[in-house]
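See structure below.
The values are calculated or read from the model by the stated rules, or taken from the named source; none is laboratory data. No experiment lies behind these values; they were computed from the predicted model shown. Heads up, the Cβs are rebuilt from the backbone with ideal geometry, glycines too, and the neighbour counts pull from every protein chain shown. With ligands, DNA and RNA removed, areas are computed over all heavy atoms of the protein, side chains included. Shrake-Rupley method; radii C 1.70, N 1.55, O 1.52, S 1.80 Å.
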Amino acid sequence: DDILDFTAAEEVLGKPALADMSLGLSTAPILYAAQEFPHLQPLIKRRFSKKGDKQTALEALYKSKTAMNKAKRLAEFHAQRAVEALLRLPQSEARDALLRLTYVVITRKN
C-alpha cells in the first residue's frame, strides 16, 4: 500500500493519491528517500505541513535510485515472516486464505 500510494492512480487505489503524505505520514518509500536526500528530514519532521513539502518529497523520491526497491524488499521481508508464522499453524481454510492474502498484497499492482 505504501508503494502504491506513489505509483497507482487514485481511481485504482480507491483513495486519494499521496493520502499518507496528506495526513503527515512518512511511509517507507519517503523514509528511504530521506536516507539518500537528507534535505527531506525537516519536511518529514514537520509532517509535510508547508506549501511545497509534498512536491519536494515526491521529486526526491522519484530521483532516488534505491528508495522504492528498498521499500519493496521491506514489504517482501515482512510478508515472508508472515508466511513463516502462518505455516506453523495447523492447515485450515483460514490459514490458507491468509497465505493467499499475503501473496496478493505483495504482488498487487492496484
√(5λ) per eigenvalue of the Cα gyration tensor, the chain, largest first, Å: 31, 15, 11
Accessible carbon and sulfur surface of the chain relative to its total accessible area, %, 1.4 Å: 58 percent
Residue-count net charge about residue 24 - beta-carbon cut-off 12 Å; Lys, Arg +1, Asp, Glu -1: +3
Å³ per residue enclosed by the Cα convex hull of the range 31-87: 85 Å³
Sum of -39500 (n - 2.57) over DSSP H runs of 4+, divided by residues of the chain (222 nm, nearest 500): -19000 deg cm²/dmol
